[in-house]
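Remarks on the structure that follows.
The values are calculated or read from the model by the stated rules, or taken from the named source; none is laboratory data. Just so we're clear, the structure is a prediction, and the values are computed from it rather than from any experiment. A quick note on method: Cβ atoms are made from the backbone with ideal geometry, for glycine too, and the neighbour counts reach across all protein chains shown.
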Amino acid sequence: MIVFLHEVYVAARLGVRRKRLVICDVLTYNEIEPDRGQTRYADYPAGALDPATQPAFEAHVHEHPLVTHYRASGSGEPVMISDFLSQQRFHRLGGGTG
């Protein structure tokens, strides 16, 4: 998992599309520190995420189902948003998290 995350991070930071990892239109690497209210991300293609949405995301990051799961469980297992919420329910969260 660590190698996978590193490859996603490198691909996003360098703008290299790594199709052997995931076939996608947008690739992101995210670091979230909810206790400090800070988030960082790298996206590919660059500019795929609107930086103007970042303050709203940071204000509502505590609502994000993956952040909630990892804080409550202490687990490092890979999970998907769909493991917890339907797409419709996820898009109803505040702060543009969906």
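Sub-6 Å Cβ pairs linking a first residue in region 38-64 that is in the same structural domain as Phe90 (by TED's automatic domain parsing) and under 18 Å from Phe90 (Cβ atoms) to a second residue that is among the hydrophobic types (A, V, I, L, M, F, W, C) and assigned to a loop (DSSP other than H, G, I, E, B), at least 6 apart or interchain, are Glu63/Leu93, ordered by first then second residue. When each of Leu85, Leu93 is tested for being free of Cβ contacts under 8 Å to residues at least 24 places away in the same chain and not assigned by TED's automatic domain parsing to the domain that holds Asp25, the lone residue that passes is Leu85.
Within region 42-64, being within 15 Å of Glu31 (Cα to Cα) and assigned to a loop (DSSP other than H, G, I, E, B) holds for Leu49, His64. Inside region 65-81, residues that are part of a helix (DSSP H, G or I) and charged (D, E, K, R) make up a count of 1.
Please work out if Thr97 is in contact with a helix residue (DSSP H, G or I) (Cβ under 9 Å, 6 or more places away or on another chain), at pLDDT 85 or above and of a type outside the set (Gly, Ala, Ser). Please lay out each step first, then the result.
Values: in contact with a helix residue (DSSP H, G or I) (Cβ under 9 Å, 6 or more places away or on another chain): yes; at pLDDT 85 or above: no; of a type outside the set (Gly, Ala, Ser): yes.
Taking the combined requirement at face value, the residue does not satisfy it.
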